[in-house]
1. Please give the number of the condition residue A:136 fails out of (1) within 8 Å of another protein chain (Cβ to nearest Cβ); (2) within 24 Å of residue A:214 (Cα to Cα).
2. Can you report the number of residues in the stretch B:165-185 which are within 14 Å of another protein chain (Cβ to nearest Cβ) and either modelled with pLDDT under 90 or part of a helix (DSSP H, G or I) (or both)?
3. Just to be sure, is residue B:52 under 17 Å from residue B:163 (Cα atoms), surrounded by 18 or more Cβ atoms within 10 Å (Cβ to Cβ) and more than 12 Å from every other protein chain (Cβ to nearest Cβ)?
4. Give the residues of the stretch A:159-179 that are more than 7 Å from chain B (Cβ to nearest Cβ) and closer than 24 Å to residue B:52 by Cβ, sorted by residue number.
5. Looking at the stretch B:65-164, what helices (runs of 4 or more DSSP H) fall wholly within it and have at least 1 residues that are in contact (Cβ under 8 Å) with a residue 24 or more places away in the chain, more than 9 Å from every other protein chain (Cβ to nearest Cβ) and farther than 30 Å from residue B:31 by Cβ?
6. List the number of the failed condition for residue B:43; all other conditions in (1) within 14 Å of chain A (Cβ to nearest Cβ); (2) at pLDDT below 90; (3) touching a strand residue (DSSP E or B) at 6+ places or on another chain (Cβ under 6 Å) hold.
7. So how many residues does the stretch B:66-85 have that are surrounded by 22 or more Cβ atoms within 10 Å (Cβ to Cβ) and hydrophobic (A, V, I, L, M, F, W, C)?
Amino acid sequence: MSLVSLIGAIELGLVYSLLAFGSFISFRILNIADLTVDGSFVLGAAVSAVFVYNGMPHTGIILAILSGALAGIVTALLQTKLGIQPILSGILTMTGLYSVNLMVMSGKANIPLLNKTNIFSLSETLIGGKFYKVVILLIIISLVFAILSWFFRTQLGLSVRATGDNEDMCRASSIDTDAIKIVGFAISNAIVALSGALVSQMQQSADINMGSGMVVISFASIIIGSVLIKNKNITLGLLSVILGSVIYRLIIALILTTNFPPSYLKLISALVVIIALSFPNIKRKMEISKMRKGYKL
Amino acid sequence: MLKINSVSKTFNKNTPDQHKGLDNLSLNVSEGEFVTIIGGNGAGKSTLFNVVSGSMLCDSGMIELGGEDITYEPEHSRAFFIGRIFQDPMKGTAPNMTVGENLIIAYMRSTKKSIMKYPSKKDKMFIREHLAELGLGLEDRMNTKIGLLSGGQRQAITLTMATLVKPKLLLLDEHTAALDPLSAKNVLDLTNKIVLDNNITTLMITHNISSALALGSRTIMMDSGDIAIDLNTDERKNMSVQDLLIKFNRVKNKEFDDDNALL
């Protein structure tokens with residue numbers, strides 16, 4: 001692998017680790033697989049693209065975060081106040097967002113942003129060198145990481161964790177679990193949208209289909225990370241997610257150096273998640289069948 | 001302290017399965033009273049607790065706690081002043097969070113601290129001291145995940161969580177029924193100590209008639225959604241399990257072979 005593609009893989013790993021942060025909050029902390037992600041990722045990218053197009057990259061990022069939070073709130077309201085199943089709520093918001101995203105992008109499926117000022121081009125003039133993208137991404141990720149690890153120690157953050165862990169206990173401890181889920185999903189999707197905004201600024205375009213499969217990719221990163229670092233607490237969990245995301249991108253980059261057709265990448269991602277999630281179960285079944293065989297002998 | 005005024009609750013209304021959970025039940029509990037509640041399955045004990053704690057709303061009647069009408073208040077806002085412990089030790093604590101974190105949540109919630117606040121050293125010390133009072137050595141396991149503890153230990157922690165800040169009312173729903181006899185005795189002793197030391201108004205459901213008579217200051221026997229027998233301290237002083245069953249038979253004019261029918 002060349003140095004350029006190595007740096008490229010690390011950049012992608014870092015920018016998509018924010019996406020995985022978002023999924024980590026819904027999947028690992030709130031214990032609900034949130035499929036809104038596929039839509040809120042594009043929403044972030046679309047909102048940011050519109051503002052980059054008009055020369056306001058910073059405003060674009062801030063509004064992308066806010067719009068992502070809004071998408072998360074919608075999913076949470078469907079789940080809590082309207083009583084729709086968690087998975088279905090995510091699918092409904094995601095589906096609805098497709099139209100919203102097209103609307104944001106004025107009906108165009110793609111917004112090219114070549115030669116427009118974005119935060120990466122700004123940092124290139126400021127930092128320079130080969131690593132300017134990595135530097136700016138590391139700054140943003142550290143910031144999000146610091147805010148999240150602080151947040152999950154506050155009373156509100158602890159309540160979010162407890163809601164994912166044991167709702168009965170929360171209600172008995174006077175925690176309004178509906179409100180907590182709304183907060184949790186808002187934060188989760190806000191970070192996902194931030195990731196989408198940064199991806200669109202980095203790749204200098206926004207595409208209506210750029211979000212497909214994002215849920216699976218983020219789960220793959222979370223799972224790879226949790227294999228490498230045991231998630232003893234939230235801080236380690238978030239660190240493992242960054243590592244998992246970077247390693248996932250390195251694996252993909254390695255696969256791309258071979259003659260393997262890139263169209264299989266999503267299938268591989270899905271297989272990685274299936275194997276990782278079913279591993280404990282398969283292992284147990286194998287142990288049981290081993291015990292049975294020993295018994296017969 | 002707690003005033004329940006002709007409360008009714010019907011399940012599966014207007015269907016062949018219609019069943020009266022609570023039938024025009026009234027109950028007055030004064031401050032500091034420790035009431036034990038017995039009764040067969042389906043007598044309405046848990047429904048009574050559900051209605052008082054707000055996990056169910058009653059069809060009619062009124063519930064007052066400390067002079068405040070709480071009949072239609074949502075469960076989580078009642079939980080500020082009602083502590084509740086369930087039979088299942090897994091229900092009261094968050095298994096993937098540490099002992100310290102579980103208690104911090106309970107403490108910070110009940111003291112109504114700002115939601116963005118970080119627990120202080122003082123808060124942690126306060127919790128440590130309370131855990132030490134249990135005498136189970138849990139104060140040295142503040143960073144252990146609750147899921148690794150035994151049912152008895154978890155139930156003791158739930159008890160601490162519910163009473164860190166004195167609740168106006170403590171509801172104990174057969175909270176020792178899922179424990180082994182020794183742990184059950186320990187948790188029951190702890191309950192008695194905490195309730196008496198802090199003078200907490202308490203309702204306790206139990207299937208163990210002898211401990212119902214031994215603990216607390218008043219015993220209620222429920223049947224078909226209403227109170228069948230209400231014994232004050234003097235009345236139950238010399239009462240044995242057998243006496244109580246005979247009295248129950250007389251009141252309800254029903255046949256019971258032995259106390260198996262109640263268990």
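1. Unmet for residue A:136, out of (1) within 8 Å of another protein chain (Cβ to nearest Cβ); (2) within 24 Å of residue A:214 (Cα to Cα): (1).
2. If we filter the stretch B:165-185 for residues that are within 14 Å of another protein chain (Cβ to nearest Cβ), which is where we start, we get B:165, B:167-173, B:175.
Restricting the remaining residues to those that are either modelled with pLDDT under 90 or part of a helix (DSSP H, G or I) (or both) gives B:165.
So the count comes out to 1.
3. On the way: under 17 Å from residue B:163 (Cα atoms): no; surrounded by 18 or more Cβ atoms within 10 Å (Cβ to Cβ): yes; more than 12 Å from every other protein chain (Cβ to nearest Cβ): yes.
No.
4. Of all residues in the stretch A:159-179, those more than 7 Å from chain B (Cβ to nearest Cβ) come to A:160, A:163-164, A:167, A:170, A:177-179.
Within the stretch A:159-179, A:163, A:167, A:170, A:177, A:178, A:179 qualify.
5. B:99-110, B:121-133, B:151-163
6. (1)
7. Residues that pass the stated criteria total 3.
The rows are residues; the columns are (1) in a strand (DSSP E or B); (2) touching a helix residue (DSSP H, G or I) at 6+ places or on another chain (Cβ under 8 Å); (3) among the small types (Gly, Ala, Ser).
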| position | (1), (2), (3) |
| --- | --- |
| B:187 | no, yes, no |
| B:190 | no, yes, no |
| B:220 | yes, no, no |
| B:228 | yes, yes, yes |
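The values are calculated or read from the model by the stated rules, or taken from the named source; none is laboratory data. Note that the structure is predicted; figures quoted are calculated from it, not measured. No Cβ is skipped: glycine too gets one built from the backbone with ideal geometry, and neighbour counts run over all protein chains shown.
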